[in-house]
Amino acid sequence: MTDVRAPHADPLADPQRDQLADPLADPDEQEAGRPASADFGLADWARWAWRQLTSMRIALILLFLLALGSVPGSMLPQEGTNPAGVAQYFTSHPALAPLLNHLGLFNVFGAPWFAAIYLLLFASLVGCVVPRTFRLAGSARTLPPRAPRYLTRLPRSAEYASALPPGQAAEVAAKVLAGRGFRLRRPAADAADGDWVSAEKGYLREVGNLLFHLALLGVLVSVALGGLFGYKADRLLIQGQSFADTPIGLDEFYPGRFVTSNDLPPFSITLDQFDASYIASGAQRGQPSAFDAQVSYTATPAGPVRTDHIEVNKPLSVDGAKVYLIGHGYAPVFKVTDARGQVVYDQATPFISGASGNFLSEGVVKVTDAQPQQLGFSGIFVPTAVEVGGVLESVFPAADNPVVSLIAYAGNLGVNSGVPQSVYQMDTTGMQRLTADPQVLAPGQSLKLPGGQGTITFTGYQQWVSLAITHDPGQLPALICGMAALGGLLLSFMVRRRRVFVRARARETGSTVQVGGLARTDASGGFEAEFASLAAELRSAHDQAVPSHPSAPSAHDQAIRHEGE
Amino acid sequence: MFKTKRRLVVLGAAVLAAAALVIVLVAGWAGSGHRDVTDVDGNASAVLYTAGHQPLAPDFTATTLTGAKLNFAAYRGQVVVLNFWGSWCGPCREEAPTLAVAAEQYKSAGVDFLGVDVRDTTASAEAFTRNFGITYPSVSDAGSVITLDFTSVVPIAGTPTTLVIDRTGHIAGAVFGPTTMGELTAMLAKVTGQAA
């Protein structure tokens, strides 16, 4: 009779219970109690601090602090990405700004307190994951425990009689279990605790756990790799212009700790054409429908010229770096002649679109080498201009009716002192305003400056794109490690570690076979069925192994010997 | 159990120590390039490369602001002061008068000055040279490809950067940032005297 019983409330004490317990939980945590004793030495304090740091609780707190610390980075303008915004914040919040600056809130990701959180988190994770990895590896290698004495007390159990003597019954059971891929443990040759087999299966769970933890470490290392050996850069590129991936060719350059200018991949990119299309009618009128930057590029200075398209979310990959399209705008072309009739400025000048929408853009033109005085113009570019009550408005983002509106200045731009200036801002303190009202120009129209100071002509416009260049050598390893971590986690969730014990005790003829089974974290169920089928297979194997005619004296002898015990 | 925990602490410390060692080694390796130079005038922004560590200047062919073809290889045998600049660059305006004077002064000593006009337009660049009385030629490097070539041998991080190139075409000295007459004089004395 195969008697499959319902699980008991109290399974047998398991000598290796700790290792079978959910390995994702932190066994150190329960022990990280506070020191109480008076003779708690320096070494003990250090050990206590280390245990605290590497506990899961502290790691989670640090992770939360890291997320919290990043918030001001997105709420406040940052030195690295938006120095003009920081300057503006100082003007508009004169009392608050110095305090925030003192706390490093304008350069959050470079602030000492942010680095402290990051490093502590890193140490915490390494200190937690590395020892655990060794522990898991050890647990995956240990043999199953010895078979308990009373298997019917296990969550699953079966009992039946077999004609085979106990030794042979255990032998047959071992063969069946080995055939099912169990790892076996048999009693030592000289042991006197009967005939039994311990079998364990589901080590893939531990493998999955190990994979998860190692991959987690791999992700950390990959992120560090990217931070140390990667770089980020921005470049605004006007149609027809080209640039090389070298600090001078870049507008903003944020190298990793170990990146020198010589490490950048030496590519050059030319913007041949940029097309932006917009929805022309309906409720979505003016919304962009497609962007396409056609570029030609060389991966190395002497290399062949290739062409490609960069679209939103479709970066160009060149020599390990990725070039993303992150913005675009208009660059009106101005030609300026000075009082002496010399052409002193003739170029497309990028204007930046503001909050007023439809690419109404602002910018400045600084003519630093005009004679006898420097000239400056602050202006707006309106792609599709409509005058509403004397005010220019843009009604569509495409350049269907482009005009510029300019205010002219003459004097000292303040650039000769050698202090670098933003090309998007003009300091008019040393300048005299030449035109009382803004002067509106259509393409081809000129503005003659009063007092014979010169002429400015709005000759047309170009489009520009803003490119973000990132090189992150940790990206691919991080992806692989991330996928491995996920795979390991799934494996550890889906594979059950389960044990099956077989014990054969002698009776008058043959033996009584007890089969017991135990699965940990049987959340998905299924062990009951597996155990039932296994027990049935064991029983039929035992039945078949009984010789059909009494020509097996050895079995008989053994049965007698066991009976005598 | 206590023993195991101690082992874990030791293990954790060992891992951290190993990580620190790797970082120190890599940092040392990354910083090792800076020992090939000596400062000029006690100013870290102006350096002379020590003998044997002078990088060979790359050759280039380019168009000057006035539209002529210029082959840099033709300068071999001359001492060259190569200045990377742009009319848009404030610090370049600061050093421009010095360079204009120095170019005139060193003409008789066989020192040629040459500009590399980076990320600029011809109209603005010519207005700049006219304004500061710069008479030596400049090649146009709007796409910064010449700069890219030079960056592979000298860490050019921005404009202005000035290189002093000896008669064999090797870069003998470099000024990162606006140059002064004192720095130029010290470097050129070394280079012209050495080769004389």
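General remarks:
- Helix axis angle, A:527-545 relative to chain A longest principal axis, alpha carbon, degrees: 40
- Using the rule -39500 (n - 2.57) for each DSSP H run of four or more residues, divided by the residues of the protein assembly as shown, the 222 nm mean residue ellipticity is -11000 deg cm²/dmol.
- Among the cysteines of the protein assembly as shown, those whose beta-carbon sits 4.7 Å or more from every other cysteine beta-carbon are A:128, A:481.
- Placing one equal scatterer on every Cα of the stretch B:99-196 and applying the Debye formula, the log10 ratio I(q)/I(0) at q = 0.13, 0.16 Å⁻¹ is -0.48, -0.74.
- Proximal charge balance of residue B:129 [Cβ under 13 Å; K/R count +1, D/E count -1]: -2
- Taking each residue as 0.36 nm, the span from residue A:509 to residue A:71 lengthens on full extension beyond its C-alpha to C-alpha distance by 149.9 nm.
- Compared with the rule-of-thumb size 2.2 N^0.38 Å for a compact globular protein, the protein assembly as shown has a Cα radius of gyration ratio of 1.42.
- Using C-alpha pairs under 8 Å with a sequence gap of at least 6, the mean separation divided by the residue count of the stretch A:280-326 gives a relative contact order of 27 percent.
- Taking θ as phi - 60° and the Karplus parameters 6.51, -1.76 and 1.60, the scalar couplings of the stretch B:176-191 work out to 9, x, x, 8, 10, 4, x, 5, 4, 4, 4, 5, 5, 4, 5, 6 Hz in sequence order, x denoting glycine and proline.
- Other residues with beta-carbon under 15 Å from the beta-carbon of residue A:479 carry, at +1 per Lys or Arg and -1 per Asp or Glu, a net charge of 0.
- Summed over both chains, the contact between A and B buries some 3500 Å² of accessible surface at a probe radius of 1.4 Å.
- Of the accessible area of the stretch B:136-180, computed with a 1.4 Å probe over protein heavy atoms only, carbon and sulfur atoms account for 66 percent.
- Net +/- balance of residues flanking residue B:58 in space, Cβ distance below 13 Å, scoring K and R +1, D and E -1: -2
- Here the relative contact order of the stretch A:270-401, from alpha carbon pairs under 8 Å that lie six or more residues apart, stands at 14 percent.
- Solvent-accessible surface of chain A, taken per residue with a 1.4 Å probe and all protein chains present: 49 Å².
- Taking the longest Cα principal axis of chain A as reference, the axis of helix A:83-92 is set at about 70 degrees.
- Reachable lysines, given that their alpha-carbon falls under 26 Å from the alpha-carbon of residue A:232 and they are not under 8 places away in the same chain: A:314, A:322
- Stretch gain in nm, segment residue A:137-residue A:387, where the contour uses 0.36 nm per residue and the Cα spacing is subtracted: 82.5 nm
The values are calculated or read from the model by the stated rules, or taken from the named source; none is laboratory data. Quantities reported herein were computed from a predicted structural model and do not represent experimental measurements. We place every Cβ from the backbone using ideal geometry, glycine too, and count neighbours over all the protein chains shown. Each accessible area value is taken on the protein alone, full model and side chains, heavy atoms only, with ligands, DNA and RNA left out. Shrake-Rupley method; radii C 1.70, N 1.55, O 1.52, S 1.80 Å.
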